[in-house]
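J.: This structure is in structure tokens; I'll ask about it shortly.
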Amino acid sequence: MSELNDAAPASVSNDAAPASVFHDAAPIDWVAPGETATVEVDGRPVTLANVDGDFYAFPSQCPHQGTELGGLSLLRGRLLRCPEHGSTFDVTTGQCVLASDDGWTGTLPLYGTRVVDDVVQVSLWPPA
């Protein structure tokens, strides 16, 4: 069984990513609902977020100033707050919903995800 997660505006469209560019990231039970974890995908640190059984993936460091984002609990089930400067992102869209302490409001880039045979797969395509 395969499920595709079409992450919103800040993401790479799963429809555009060839199947060959998806990489196994973690078993679905690796990240509990409402949590995040950092894994290595094709040699890159990537953070996975579990939003009620739907998985989202993004670079492991905050795009504002590089603070580690993995291992944090989600707020309200889908929001991730950077512990360094307070930027808060909706992990399902990449949108910054609360500016950082210094007013930064950039987006969190999202990677395409899917679940195949109970394994979360991530597409880093197109290459950064």
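J.: Would a scan of region 91-109 turn up a residue that is surrounded by fewer than 18 Cβ atoms within 10 Å (Cβ to Cβ), small (Gly, Ala, Ser), in contact with a strand residue (DSSP E or B) (Cβ under 7 Å, 6 or more places away or on another chain) and assigned to a loop (DSSP other than H, G, I, E, B)?
T.: yes
J.: Still on this structure, I have one more. Return the residue satisfying two criteria in turn: it lies in region 52-68 and is over 16 Å from GLY34 (Cα atoms) and small (Gly, Ala, Ser), and of such residues it is nearest to the chain's Cα centre (by Cα). Lay out the reasoning, then the answer.
T.: Of all residues in region 52-68, those over 16 Å from GLY34 (Cα atoms) come to 59-68.
Then keep just the ones that are small (Gly, Ala, Ser); that gives 60, 66.
Values: SER60: 8, GLY66: 15 Å.
Top of the filtered list is SER60.
J.: Name every residue in region 69-109 that is under 13 Å from the mean Cα position of the chain (by Cα) and farther than 17 Å from GLY34 by Cα, in order of residue number.
T.: GLN95, THR107, LEU108, PRO109
Since every read-out is calculated from the coordinates, none of them should be taken as a lab result. The model shown is predicted, which means the values in this text are computed figures rather than measured ones. Glycine gets a Cβ as well: all are built from the backbone with ideal geometry, and neighbour counts include every protein chain shown.
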